[in-house]
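Q: I am attaching a structure below and will ask some questions about it afterwards.
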Amino acid sequence: MDQNLMKLQNGSDVRGIALEGVADEHVNLTENACNRIGQAFALWLSKKTGKNVADLKIGIGRDARVTGPSLLKATAQGIASAGAAVTDCGLATTPAMFMTTVFDQTKYDGSAMLTASHLPFNRNGIKFFCKDGGLEHDDITDILNIAQTKDEASCDKIFAGSYDLLSTYANHLKNTICTELGASECDKPLAGLHIVVDAGNGDGGFFVDKILQPLGADTTGSAFLEPDGMFPNHIPNPENKQAMQAIQNARTSNKADLGLIVDTDVDRMSAVFSDGTEVNRDSIIALFSAILAPAYPGSTIITDSVTSDRLTFFLEKKLGLKHLRYMRGYKNVINKCIELNSRGEVSPLAMETSGHGALKDNYYLDDGSFLAVKLIVALAKAKKENKKIESFIEELPAAGVEGEYRFKITTEEFKDYGKKVLAAFKERAQAKGLDLPDSFEGIRISFHDANAEGWMLLRLSLHDPVMPLNVEGKTQKDKDAIIATARELIAGFDKLDTSALDK
């Protein structure tokens with residue numbers, strides 16, 4: 001019990017290094033750690049549900065990483081040794097693992113997913129679910145505190161059984177498409193559509209052979225569908241430039257109607273239009289908002305703090321919706337969406353610029369596959385009207401020139417120091433008469449005059465000694481002017497390394 005398991009907490013997940021092979025990165029997510037964390041999850045879930053541990057049914061799945069099978073087995077052994085019945089769901093997706101608490105075929109009390117999302121091959125982690133959804137930061141803290149008191153444990157029988165979850169989940173998504181298009185699988189409602197998918201050798205390849213092809217879509221040109229936990233082609237991450245270039249190339253060379261790319265565990269997605277234009281960050285949020293707007297007039301869209309003013313303009317002036325910029329972190333935007341709906345303010349979508357998106361009508365689950373389903377339905381309906389999916393966001397203003405600059409804080413008391421910087425930044429901006437819109441995170445400034453048009457946001461990282469500065473100008477000249485203002489507002493702080501602005 002010498003290892004400090006608390007260091008494995010990453011927000012509302014467990015994450016660590018599971019495999020040697022990267023310089024200066026040594027294994028800390030071991031089978032021993034997973035076994036103890038599995039025990040702790042079973043005990044935590046027992047308290048959460050009020051059930052005896054022996055009465056709990058828990059599902060467990062994994063992504064394609066090479067360490068997945070061994071760490072899944074170790075985690076499952078911990079769960080089983082605590083007395084719960086654990087079912088092996090094999091290769092799965094993170095959203096599918098939550099759905100095991102919902103599907104009639106499973107109805108598990110909770111579930112665990114071995115994944116480190118888009119991180120490199122040597123990383124792994126665990127995401128946990130109960131019937132209320134993904135666990136919160138404090139829940140993970142509680143589980144790790146319990147795990148810290150445990151020794152590795154074994155049992156004669158680890159699994160109560162196995163279950164082909166991906167097939168059940170694929171049928172759920174396939175039926176959703178058919179229902180929304182008023183068709184059956186036999187009708188081949190996606191016939192005439194050419195859709196290419198890039199799964200990045202993660203878990204998303206099933207979307208092609210279990211959903212798109214059975215419904216009649218042409219998937220010629222789809223790439224990297226076979227799971228390979230070394231991710232030999234590119235990082236499975238819609239925000240990665242190489243990954244996005246790969247799906248753009250696949251779409252262009254195959255003249256497809258739409259390109260889809262997902263991350264490793266398929267809780268995020270992004271898209272490429274028929275002309276090769278990438279749809280991510282502001283544009284992916286705008287697209288789903290436009291798809292949802294007719295059904296939710298006047299509703300509120302929740303985003304993270306680094307969305308642009310052009311998105312606000314599009315949502316409010318073109319779609320008649322409300323835009324609430326909240327804090328970064330997919331759990332933050334999802335929880336804000338839940339909060340608004342619980343008090344009667346309709347919010348159909350919570351979405352980060354990273355591609356994490358959750359729908360009110362889909363259990364507030366950040367599910368890349370379900371978002372892809374909504375997009376495909378919209379594509380099919382648009383094609384029947386001789387329109388392109390691009391038409392949904394044709395009035396979204398063009399993106400400006402943007403950048404993110406990360407300033408290191410060179411003192412151990414970085415949170416207090418960062419707060420002092422933010423206070424001075426705000427005070428100086430107010431003294432200059434600058435426009436400071438409301439911000440739930442950091443200090444945001446909007447520029448809309450002859451000197452500059454755009455915005456910037458300075459914030460303090462939650463966990464690291466870093467202050468990110470996001471800047472967007474309508475033109476490079478605007479961006480340069482905004483950066484010049486930023487230099488004035490943060491001048492004089494000798495423990496703040498702003499050298500990133502010089503690169």
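The values are calculated or read from the model by the stated rules, or taken from the named source; none is laboratory data. Quick caveat, the model's predicted, so the values are computed rather than measured. Heads up, the Cβs are rebuilt from the backbone with ideal geometry, glycines too, and the neighbour counts pull from every protein chain shown. Note: areas computed on protein heavy atoms with side chains; ligands, DNA, RNA excluded. Shrake-Rupley method; radii C 1.70, N 1.55, O 1.52, S 1.80 Å.
Q: At what distance in angstrom do the alpha carbon centres of region 362-405 and region 472-497 lie from each other?
A: Region 362-405 and region 472-497 have Cα centres separated by 33 Å.
Q: Continuing with this model, one more query. Within the accessible area of region 361-423, what % is carbon and sulfur when the probe is 1.4 Å and the other protein chains stay in place?
A: 49 percent
Q: Given Cβ point charges of +1 (Lys, Arg) and -1 (Asp, Glu) and nothing else, what value in debye, to the nearest 20, does the dipole of the chain about its Cα centre take?
A: 660 debye
Q: May I ask you to work out the translational diffusion coefficient for region 172-282 at 25 °C, viscosity 0.890 mPa s, via Stokes-Einstein with Rh from the Kirkwood sum over Cα pairs, reported in whole µm²/s?
A: Once the numbers are plugged in, D ends up at 176 µm²/s.
Q: Here is a further query. Could you size up the charge dipole of region 358-476 around its Cα centre, putting +1 on the beta carbon of Lys and Arg and -1 on that of Asp and Glu, and report it in debye to the nearest 20?
A: Computed charge dipole of region 358-476: roughly 160 debye.
Q: Between Asn35, Gly11, Thr100, whose Cα lies farthest towards the positive end of the dipole of region 1-142 when Lys and Arg beta carbons carry +1 and Asp and Glu beta carbons carry -1, centred on the Cα centre?
A: The listed residue farthest towards the positive side: Thr100.
Q: Further question on the same structure: If you filter region 300-368 for GluC sites (Glu not before Pro), then keep DSSP loop positions with at most 15 other Cβ within 10 Å, what is left?
A: Glu345
Q: Would you calculate the convex hull of the Cα atoms in region 383-503 and tell me its volume per residue in Å³?
A: Normalising the Cα hull of region 383-503 by residue number yields 147 Å³.
Q: About the Cα centre of region 297-409, how large is the charge dipole given +1 on each Lys and Arg Cβ and -1 on each Asp and Glu Cβ? Please answer in debye to the nearest 20.
A: Dipole about the Cα centre, nearest 20: 100 debye.
Q: Positive end of the dipole of the chain, charges at C-beta (+1 Lys, Arg; -1 Asp, Glu), about the Cα centre: which of Thr485, Trp44, Leu91 has its Cα farthest in that direction?
A: Thr485
Q: Follow-up. Using alpha carbon centroids, what distance separates region 172-233 and region 292-310, in Å?
A: The two parts, judged by their Cα centres, are 28 Å apart.
Q: Could you sort the peptides 239-245, 212-218, 50-56 by per-residue average Cβ neighbour count (10 Å cutoff), highest mean leading?
A: 212-218, 239-245, 50-56
Q: A further question on this structure: For region 253-368, what is the accessible area per residue in Å² when the probe is 1.4 Å?
A: Spelled out: the 1.4 Å probe surface of region 253-368, per residue, equals 31 Å².
Q: If you don't mind, there's one more thing I want to ask. Over the chain, what number does the Rg to Rh ratio reach, with both radii from the alpha-carbon atoms and Rh per Kirkwood?
A: 0.97
Q: Farthest toward the dipole's positive end in region 131-250, which of Leu212, Leu173, Thr141, given Cβ charges of +1 (Lys, Arg) and -1 (Asp, Glu) about the Cα centre?
A: Leu212
Q: Could you provide, to the nearest whole Å², the per residue accessible area of region 76-141 with probe 1.4 Å?
A: 26 Å²
Q: So what does log10 I(q)/I(0) come out to for region 253-320 at q = 0.20, 0.26 Å⁻¹, using the Debye formula with one equal point on every Cα and no solvent?
A: Values returned for q = 0.20, 0.26 Å⁻¹ are -0.92, -1.17.
Q: Turning to a different aspect of this structure: For region 167-290, with all protein chains present and a 1.4 Å probe, just round the carbon and sulfur fraction of the accessible area to a whole percent.
A: 47 percent
Q: Another one. Tally the DSSP beta bridges in the chain and give the antiparallel ones as a percent, rounded to 5.
A: 65 percent
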